[in-house]
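Written below as structure tokens is the structure these notes are about.
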Amino acid sequence: DLLYIAAKNLVENGCKYSPDNTARINLSFADSTTVIAVSSIGDPIAGEDRERLFQPFYRASAAAGTSGFGLGLALAQRIVGLHKGVIRVNWQEDAGNIFTVYLPMA
């Protein structure tokens with residue numbers, strides 16, 4: 001149930017901050033790791049914002065005027081951490097902002 005909440009938060013954010021309100025989800029397996037990547041086309045998240053995205057109540061400057069409280073990513077990171085995983089954020093020209101979750105397989 002918790003992993004569902006984490007994934008849902010990432011997907012909802014991807015849709016919310018994408019100009020076309022869509023996000024792409026890619027599920028893959030590498031060695032003994034499950035990899036979930038959520039990407040959405042949009043402006044890159046600024047470096048200073050990227051460093052603070054997972055802090056509770058933090059909202060990036062680009063989030064002004066968008067509903068939310070700044071808890072979704074912090075909650076997702078805690079849940080993923082409880083499952084001994086990590087979340088990484090990066091940006092690619094052809095894919096936009098990408099939130100990638102790495103979880104060890106049980």
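The values are calculated or read from the model by the stated rules, or taken from the named source; none is laboratory data. Not measured: the values here are computed from a predicted model. Cβ coordinates were reconstructed from backbone atoms using ideal geometry, including for glycine residues, and neighbour counts include every protein chain displayed. What goes into the accessible areas is simple: the full protein's heavy atoms, side chains included, and nothing from ligands, DNA or RNA. Shrake-Rupley method; radii C 1.70, N 1.55, O 1.52, S 1.80 Å.
The lone criterion from (1) at pLDDT 85 or above; (2) of a type outside the set (Lys, Arg); (3) under 15 Å from residue 6 (Cα atoms) left unmet by residue 90 is number (3). Please tell me if residue 11 is among the β-branched types (Val, Ile, Thr) and open to solvent by 20 Å² or more (accessible area, probe 1.4 Å). Answer is yes for this residue.
When every residue of the stretch 78-95 is checked against the conditions, at least one turns out to be open to solvent by 90 Å² or more (accessible area, probe 1.4 Å), in a helix (DSSP H, G or I) and touching a residue at least 24 places away in the same chain (Cβ under 8 Å). Can you pull out the residues in the stretch 37-65 that are outside any helix (DSSP H, G or I), touching a residue at least 40 places away in the same chain (Cβ under 8 Å) and either of a type in the set (Gly, Ala, Ser) or open to solvent by 40 Å² or more (accessible area, probe 1.4 Å) (or both)? Across the stretch 37-65, the qualifying residues are 37, 39, 40, 41, 42, 44.
Note on the stretch 1-36: residues that are touching a residue at least 60 places away in the same chain (Cβ under 8 Å) and under 10 Å from the mean Cα position of the chain (by Cα) amount to 8.
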